[in-house]
Amino acid sequence: MTTLPFRSISVRLRAFSRPGPLPGPAALALALALAAALPLLLGSTQAQAQTLRWASQGDMQTADPHSQNEIFTNSMNGQVYERLVSRDRQLNIVPGLATEWTQVKPTLWRLKLRQGVKFQDGTPFTADDVVFSINRAKDPYSQISVYAQAVGTPRKVDDHTVEFELDKVNPVFLQHLDTLFIMSRKWCEQHGVVKPQNFKDKQETYAATHANGTGPFMMVGREPGIRTTFKRNPAWWGKAEGNVQDAVYTPIANDATRLAALVSGEIDFVLDPSPRDIPKLKQTAGIKVQEGPENRIVFIGMDQARDKLLYGKVPGDRNPFKDLRVRQALYQAIDIQALRTKLMNGLSLPTGGLTPSPLGAFNDPSLETRLPYDLAAARKLMGDAGYPDGFEVTLDCTNNRYINDERICLALASMWAQIKVKVKVNAQPRVLMFPKLEKLDTSLYMYGWGGSITDAETALTPLMRNRGEKSVGQYNFGNWKDDKFDQIAAASSEEADPKKREALIKAALREFRAQVHLIPLHRQMIPWATRANVTVTHRPDNWFELNWASVKAR
């Protein structure tokens, strides 16, 4: 039998992978049929032990580790690049490229760097690379600039010591360091990438498709939208905790095709199986399912700055989202339990909270409750606001980022029709959607926020505050302005006393909730599905660590 080259396989998979919902039984039937056919397409050679092949619905956005800030892109880059501090399996802060750290005074931190570390091109890692990388990450084109700004000014003390001088106290300094990848200054200068890729304007750079880190794996091939290949770094300073030597990632957009590849054994691991397929996968021989809540909140944002919507048709050419009553009406027209049971198959945790984890609000139940689902109240609010006959608007959403993202948007459109808001759903891959939001080119959008940090600071400053200097409010794509909230949130960001800081954070969240600047939906549950011979570590931040993965011979 003829075996197709992998690129040909990938192209054929992409042909199967055009987005589009299928009913559960139809998806399963197609998956089983494809599972039978895939060996014929892919050839009879099974994945060898110590080679891992995995898939999810979308691709990483870029290999430039400072350009974009999206968990899947970050985790892919995190196989190659490292940070000064890292996370263990329980999300505790542990040494990374820094072996120890000292808070010399409230606004000064000193870090000792790991010695004997080299980048994958053989260049030694030194404090010069740290200073360069932090400053590179502060660039306006960087989507992690808000975190780089928060750690202050880096200064080289000697080749293996660096200090950070802050202009104010940062209670989550180490957590912010955990978001900042270290690059080789020499490599960036050599390849003309001393600044991050301007992703929103579609700039192409060497760093967007090539990588040179200090981490456990090397990126040896990058074909955007087709596949990305990794090989273990033989010169890595750390200890291999799994046995994977080579890895191949293939984006497969269609749920049924991903499932078929897993069931057939041509893929070892699926990062995002559809919730509707989980019950069947749990009963499928040779398949393991892991699941748990993710530190991520999914929500709706609205343009609250323009006097007229960019994408809509409104009586009087007004912007209805500037009116609190309209924002609240949309909120109360959402049947969140129907979304959970009928669409998410129970794999979501509805919330009125605003932080990725309830820990960010100190598990305060009063900050987690939702406004009640009440169509009568929503209709009255619309009438009181002057929109008894509703209006038209476009809802921007991804179709390959969050669990059931496009289907959620379609369901919301149906629910909002009950209050005469006619919604056109504009679903796009994240590679198109996120740059659109960066340009504030939206009227209504669905987005998600989360990661390894459970502290409220990483939502308050980048996501919720007024847009301002040093990348504050960088992800405030609705461009709302709430000076009362902003003042309280800013104070919480530099309060060193834990009790005072808790009170400030709670006050800020209460104010933001009262104004309904965002409409929270739910926190995701994240199922992972693997072949029985594969072991992976499932973390609440949905971060897959190749170094911890093992594949047993079949």
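Some points to look at:
- Kyte-Doolittle mean at least 0.0, axial Cα span of 18 Å or more - DSSP H helices of the chain: 24-42
- Applying a threshold of 20 Å to the alpha-carbon distances of 118/202; 308/439; 202/436; 436/506 flags 118/202; 436/506 as lying beyond it.
- For peptides 365-376, 125-136, sequence by mean Cβ density within 10 Å, most packed first: 125-136, 365-376
- Each peptide among 296-302, 256-262 gets the average number of other Cβ atoms lying within 10 Å of its residues, and from highest to lowest they stand as 256-262, 296-302.
- Calculated FRET value between residue 439 and residue 533, using beta carbons and R₀ = 41 Å, to 0.05: 0.35
- Heavy-atom accessible surface of the chain: percent carbon and sulfur, 1.4 Å: 51
- Label positions at residue 93 and residue 285, each projected 7 Å from the Cα along the C-beta direction, are separated by 5.0 nm.
- Whole-Å distance, taken between Cα centres, linking region 426-469 and region 393-416: 16
- Spacing of the modelled spin labels on residue 159 and residue 210, each 7 Å from Cα toward Cβ, amounts to 2.6 nm.
- Scoring 275-282, 104-111, 393-400 by mean Cβ neighbours within 10 Å over their residues and listing the highest first yields 393-400, 275-282, 104-111.
- Among [x] 80, 55, 39; [y] 92, 68, 65; [z] 67, 63, 40, the entry derived from the coordinates for Cα extents along the principal axes in Å: [z]
- From helices alone, the chain scores -8000 deg cm²/dmol at 222 nm; the rule is -39500 (n - 2.57) for each run of n ≥ 4 DSSP H residues, then divide by the residue total.
- Residue among 394, 498, 475 farthest towards the positive dipole end of the chain, charges placed on Cβ: 394
- Legend note: in the chain, cysteines whose Cβ sits 4.7 Å or more from every other cysteine Cβ are 188.
- Summing +1 for each Lys or Arg and -1 for each Asp or Glu among the other residues whose beta-carbon sits under 12 angstrom from that of residue 284 gives +3.
- Net length gained if the chain between residue 335 and residue 503 were fully extended (0.36 nm per residue, minus Cα distance): 57.3 nm
The values are calculated or read from the model by the stated rules, or taken from the named source; none is laboratory data. Note that the coordinates shown come from a computational prediction; the quantities given were computed from them, not determined experimentally. Note that we place each Cβ from the backbone using ideal geometry, even for glycine, and neighbour counts take in every protein chain shown. Heads up: the accessible areas ignore ligands, DNA and RNA and are worked out on the full protein's heavy atoms, side chains in. Shrake-Rupley method; radii C 1.70, N 1.55, O 1.52, S 1.80 Å.
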